[in-house]
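One structure below.
What follows draws every value from the coordinates through simple rules; no lab data is involved. Quick caveat: nothing in here was measured; it's all calculated off a predicted structure. All Cβ positions, even for glycine, are placed from backbone atoms using ideal geometry, and neighbour counts span all protein chains on display.
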Amino acid sequence: MSEKIFCGKCDMLLYFGEELKRRLYMRAIPSEETVLGFYGNVCPRCGGALSEQTVNVVVEGRAKHGA
Amino acid sequence: MAKFNEHIQLGEPVLPAKGIEKALQAGALKDQRIIALLEDMGFPGIDWWTENMPERMVEVGIAEQNGAVVAGALAAEGFIPVLYSFLFANVGRALNQVRQSILVDRFNVKIIGREGAWGEVGISHNTIEGVGFSRVLPNLIILNPADVVEAEKATEAMLQYHGPVLLRQESSPTPVRVFTDDYPFNIGKAYSVKDGTDATIIATGYMLTEAIAAAELLEDEGLDVGVLDMCTLKPLDDAAIIEAARRTGAIVTAENASIIGGLGEGVAAVLCENLPAPLVRVGIEDEFSQSGLITPERDDLKIHFGLRAEDLVVSVKVCIAKKERSRCRD
């Protein structure tokens, strides 16, 4: 499964990679909150505030039983 | 004369490296975290860096595995290293180190891979299989700009984005300038250069130049063929691919890279899982590159691999014929 996080205002891709909650062994990036913190919680393109309420999170992959 | 969309203004051939140089210098002036990491292969605009920012240049020598580890370590300390060398070396030779020391922890390292297609350096350095071996790596974004403007915009976006990015640099053949200065580049988004109804050519990198020329040739024959620029090879713009298939029902992919693991296979997967449509993949068959004469006037390898506009014209016609046949079966 992969995850993308977009700025809700200008649609800039802020994160692309493994689905964060499925990272069982690597904890360098533990949450969406950490990702937004890399940008100082401000979109580098449009200057919009970044929070879990202002970004769009898209998780892609094959549907599985119980998922 | 074909009708192109907004932000398209065809010009003369210009090396994409010029755009990369410009964006790296602008980025370095704005952000002190950016470090030039050299592997005995220079750096885009190296004279400017030597004169203005010698303290922000690190030369690791012909030791690409070490280069990847140093890049990961610098990123772990908050720097933004830009690792520059041939794609066969900085990713290919150092694949394990790129995987372990950069991608697993998703460190903020930027990799520019020269001769991602081919150049005058020849068969040993031309990395036509580079897109394939890079696309399987998780957490890595792959950009393949088509002209000097897109190279500048993609480099700027690469530096803004927090995470590992590979930018494939076309060294030769030299593509024409395609985009206007206000072209709105966005990582992960394809750009429709020309709309069409009979088929769509999805092109990446240098092949956008040939795709545009092919669409013009086909228009002279009464065929209305769209051209979609797919600069981001990972993640692909699935929505744009599906929309192109819905609108035209015939897709031709164009890449100056191996068709195995490249754009064509990525597009095929998107189509098969969402909206199956006739597809022809134009690229380099299952073979290594070659050495050949490459000048602005003549490119032996483009001819050798069948990647000219005239070759694309044939593939588009084959694809449209496939579409017609499938309609007859329905």
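Close amide H partners of B:Glu59, meaning residues 5 or more places away or on another chain with modelled amide H under 5 Å apart, are B:Leu38. Exposed loop sites here mean trypsin sites (Lys or Arg not before Pro) with a DSSP loop assignment and at most 13 other beta-carbon atoms within 10 Å; chain A contains its longest site-free run at A:28-61. Over the stretch A:2-60, the reciprocal of the mean inverse Cα-Cα separation, the Kirkwood hydrodynamic radius, stands at 11.5 Å. Using the Karplus relation 6.51 cos²θ - 1.76 cosθ + 1.60 with θ = phi - 60°, the per-residue 3J(HN,Hα) values for the stretch B:180-186 come to 7, 5, 9, 4, x, 6, 9 Hz, with x marking Gly and Pro. In summary, the lysines within cross-link reach of B:Lys317, defined as a Cα separation below 21 angstrom excluding same-chain residues under 8 places away, comprise B:Lys3, B:Lys194, B:Lys302. For A:Glu19 and B:Asn66, a Förster radius of 25 Å and the Cβ-Cβ distance give a FRET efficiency of 0.20, rounded to the nearest 0.05.
Comparing B:Val109, B:Val280, B:Val60 in a Gaussian network model of chain B, where Cα atoms under 10 Å apart are tied by springs, the biggest mean-square fluctuation is seen for B:Val60. Within chain B, DSSP assigns beta bridges of which about 20% are antiparallel (rounded to the nearest 5). Going from the residue with the fewest nearby Cβ atoms within 10 Å to the one with the most, B:Trp48, B:Trp118 rank B:Trp48, B:Trp118. If r is the Cβ-Cβ distance from B:Asp181 to A:His65 and R0 is 51 Å, what FRET efficiency results, to the nearest 0.05? My answer for the efficiency is 0.50. Relative to the dominant Cα principal axis of chain B, helix B:148-160 is inclined by about 50°. Taking amide H as placed 1.01 Å from N in the peptide plane, the amide H of B:Ile202 sits under 5 Å from that of B:Leu228, B:Val252, B:Thr253, B:Ala254, each at least 5 places away or on another chain. With respect to chain B, whose longest principal axis is taken over its alpha-carbon atoms, helix B:64-76 is tilted by about 80°. Close amide H partners of B:Ile34, meaning residues 5 or more places away or on another chain with modelled amide H under 5 Å apart, are B:Ile80.
Take B:Ile303, project a point 7 Å from its Cα along the Cβ direction, then tell me which residues of the stretch B:201-228 have their backbone nitrogen under 18 Å from it. Correct set: B:210. Checking every one of the GluC sites (Glu not before Pro) in the stretch B:196-282 against DSSP loop status and a limit of 15 other Cβ atoms within 10 Å picks out B:Glu221. Between B:Thr197 and B:Glu51, residue separation times 0.36 nm minus the direct Cα-Cα distance comes to 47.3 nm. Running a GNM on chain B with Cα contacts under 10 Å, which residue among B:Ile142, B:Ile202, B:Ile46 ends up with the highest mean-square fluctuation? Comparing B:Ile142, B:Ile202, B:Ile46 in a Gaussian network model of chain B, the most mobile one is B:Ile46. Spin-label pair B:Val136-A:Thr34: with each label point 7 Å from Cα along the Cα-Cβ axis, the two points sit 2.7 nm from one another.
Per residue of B:184-190, other chain Cβ atoms within 10 Å of the residue Cβ number 3 on average. Rounded to the nearest 500, the 222 nm mean residue ellipticity of chain B from helices alone is -11000 deg cm²/dmol, with -39,500 (n - 2.57) taken per DSSP H run of at least 4 residues. Considering only B:Lys302, B:Lys234, B:Lys110, the Gaussian network model of chain B with Cα springs below 10 Å gives its largest mean-square fluctuation to B:Lys302.
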